[in-house]
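Please treat every number below as a calculation from the coordinates, not as lab data. Please read these numbers as outputs of a predicted model, since none were measured by experiment. Neighbour counts run over all protein chains shown; Cβ positions are idealised from the backbone, glycine included.
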Amino acid sequence: MTFKDRTNEFHAIADRIRSRSHVPNALERRSLIQSPSPSGQQASRSEFSLMAAEISRNITSTAGKLEKLTKLAKRKTLFDDKPVEIGELTFIIKQDIAKLNRQIAMLQDYTKRQKQSSKQASEHTSNVVITLQSKLADTSMSFKDVLEIRTENMKMTKDKRDQFLFSAAEQSGPPALANSPLLKSRRRPNNERTQTPVASIGGSGIGNNNGGYVPQDEPESTLSLGIPMLTPQQQQEQMMVLEQDRYIDHRSTAIESIESTIAELGGIFQQLATMVAEQRETVQRIDQNTDDIEMHVMGAQRELLKYYTNISSNRWLIIKIFVTIVCFFLLFTLIM
Amino acid sequence: MKIFGILVLKKDGDKAQIIASHYDLSSFGYFQRGSVQEFMNFSSVTIGERTPPGTRQSVEGENNVAHVYSHPQGIVGVVMSDKDYPSRVAFSLLNRVTDEFLVKYPNATRPVNYTELEGYVVRYQDPKEADPLMKVQNELDETTEIMRQTIDSVLKRGEKLDSLVDRSEALSSQSKMFYKTAKKTNACCVVM
């Protein structure tokens with residue numbers, strides 16, 4: 001954050017000074033123009049700006065701590081890692097972020113409770129709350145990134161330690177290969193003890209140069225510098241890092257499985273939606289068919305009705321037709 | 001998967017001291033409970049003294065495991081459980097217990113009566129229900145099962161809709177014939 005929104009602080013200070021001294025009329029008018037709400041609400045608005053100012057101060061301090069944590073986490077030295085400090089800082093930053101969340105939620109409730117007279121004032125308060133929330137979101141995103149960087153670094157250091165270290169729990173490669181650099185190095189530990197500060201830089205140099213697996217005989221000289229520093233205490237530290245990693249790995253696997261389940265669920269929903277959309281077309285056809293049926297049946301009923309009225313109104317005609325036919329039959333039989 | 005006990009220790013320098021604990025020893029015989037509790041106290045103190053702050057450890061015994069988390073602010077939380085209990089759940093429980101303990105008793109040096117421990121022991125006996133991650137996973141699995149059943153019923157619905165279409169088409173043509181016949185009867189040969 002290169003800039004800080006201090007208008008709230010400015011308003012707060014202006015209010016405070018105004019309330020403290022006798023204000024001449026011109027200043028009063030000017031202050032009224034600046035904040036067009038009645039004096040009762042001015043007290044509540046300055047309280048709001050005080051709270052918002054405090055929250056933004058806390059956010060900047062948390063951002064500062066986060067910067068320190070980033071610097072610590074980015075260090076790639078092999079042996080001089082400070083897990084205690086990093087853990088403490090992480091814990092403090094987590095607490096800060098939770099506290100800021102609570103404060104912003106309180107601020108939001110507060111603004112909802114206070115009814116602002118002018119539309120601009122309520123817009124302003126909501127804008128301020130939104131700005132604070134977005135700043136906090138940015139801070140927490142960068143915190144998450146820093147944690148990711150830290151876990152990656154820890155994994156890298158663990159891998160590099162594995163290359164140099166022969167530990168019973170981790171033994172996977174051929175023992176002979178791992179034994180030889182250790183044996184060679186153990187032969188000259190006493191000479192190299194004085195060069196430990198150089199060794200740490202050498203170790204970090206290795207870390208920076210060799211990203212992946214290193215053939216065992218290539219950095220032999222630096223290996224011999226690096227290994228004597230690995231006291232039993234640091235072996236135990238490495239087991240500790242292993243333990244931490246195991247816990248973190250467990251968590252990450254669990255979360256990954258949850259994530260894949262959610263993705264699968266999303267796919268299922270998508271399929272469901274597609275199938276229902278396809279069936280919609282079928283349903284439309286059925287609708288059309290039923291409309292046609294209704295139309296036909298109505299028409300047929302009309303015709304039948306017409307026929308019926310025809311028949312019933314035509315009775316006299318029928319009688320007359322019948323009479324003429326009967327007459328014709330009689331004529332024919334009489335002639336025959 | 002059971003929890004046998006949760007302990008909170010205060011650590012200054014290299015010495016650890018138990019300041020809160022709760023046990024659930026119902027699975028042990030009545031006469032064993034005392035010795036088991038003593039053993040737990042002793043081993044948790046020993047392990048707590050040997051855990052550097054800010055780290056987690058799991059120590060396995062013959063048929064139980066001690067999960068240890070050493071909080072940077074000098075509090076060590078220990079969970080004694082059997083081997084099947086997932087370590088992740090135990091460590092998240094320890095996180096919560098230590099954080100809340102610090103909030104409630106920030107400067108405890110003598111044993112205090114921390115009543116929430118009992119609630120935690122009871123609740124976390126079944127890790128599937130207590131741990132949010134596992135609960136979410138469970139619910140997601142149930143939801144996918146329900147969704148699969150839904151898709152099956154949607155398929156059946158599709159089949160029924162297809163048969164409906166055929167029948168409505170047949171009905172439509174029949175009604176058309178009906179209409180035509182009626183019209184024909186009306187129009188031609190005004191016989192009667």
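A few remarks follow.
- Helix B:87-104 and the long axis of chain B differ in direction by around 60°, with both axes built from C-alpha atoms.
- Over 23 Å [Cα-Cα, the stretch B:3-127], rounded percent: 22
- Between 0 and 90°, nearest 10: helix B:132-187 axis offset from chain B longest Cα axis: 0
- Linear extension gain, B:Glu145 paired with B:Arg96, 0.36 nm per residue minus alpha-carbon span: 14.4 nm
- Two-site FRET efficiency, A:Phe3 against A:Ile130, from Cβ-Cβ distance with R₀ of 25 Å, rounded to 0.05: 0.90
- Rounded FRET efficiency, nearest 0.05, which uses the C-beta distance separating B:Asn63 from A:Met106 and R0 of 45 Å: 0.35
- Legend: residue pairs A:Lys65/A:Lys112; B:Lys2/B:Lys135; A:Lys135/A:Lys155; A:Lys155/B:Lys135, Cα-Cα distance threshold 21 Å; pairs beyond threshold, A:Lys65/A:Lys112; A:Lys135/A:Lys155; A:Lys155/B:Lys135.
- Taking every DSSP helix (H) stretch of at least 4 residues in chain B, weighting each as -39,500 (n - 2.57) and dividing the sum by the residue count yields a mean residue ellipticity at 222 nm of -18500 deg cm²/dmol.
- Prolate/oblate/rounded call for the stretch B:131-186, Cα gyration tensor, a/c under 1.5 rounded: prolate
- In terms of surrounding Cβ atoms within a 10 Å radius of their Cβ, B:Met147, B:Met1 rank from fewest to most as B:Met1, B:Met147.
- Model label sites at B:Lys104 and B:Val154, defined 7 Å from Cα along the beta-carbon direction, differ in position by 4.8 nm.
- FRET E, pair B:Asn186, A:Gln271, Förster distance 60 Å, beta-carbon r, rounded to 0.05: 0.65
- Shielding of B:150-161 by partner chains, average beta-carbon count, 10 Å: 3
- Cα-based values for the stretch B:97-192, radius of gyration first and Dmax second, are 36.0, 118 Å.
- Neighbour-count order for A:Ser118, B:Ser153, B:Ser168, fewest beta carbons within 10 angstrom listed first: B:Ser153, A:Ser118, B:Ser168
- Placing dummy labels 7 Å off each Cα toward the beta-carbon, the span from A:Ile17 to B:Glu116 is 4.7 nm.
- Simple spin-label estimate for A:Lys94 and B:Phe39 gives 3.3 nm between the two label positions (7 Å along the Cα-to-Cβ direction from each Cα).
- Residue order for A:Val84, B:Val8, fewest other beta carbons within 10 angstrom first, comes to A:Val84, B:Val8.
- Extension gain, A:Phe328 back to A:Glu264 (0.36 nm per residue minus Cα-Cα distance, nm): 14.2 nm
- Neighbouring partner chain Cβ atoms per residue of A:293-299, average, 10 Å criterion: 6
- 3J(HN,Hα) couplings calculated from phi for the stretch A:316-323 with the Karplus curve 6.51 cos²θ - 1.76 cosθ + 1.60 (θ = phi - 60°) are, in sequence order, 4, 4, 4, 4, 5, 5, 4, 4 Hz; Gly and Pro show x.
- Most tightly packed first, judged by the mean number of other beta-carbon atoms within 10 Å of their residues, the peptides B:58-69, A:138-149, A:304-315 read B:58-69, A:138-149, A:304-315.
- Partners for B:Lys180 among lysines (Cα-Cα distance below 30 Å; same-chain residues under 8 apart left out): A:Lys306, A:Lys320
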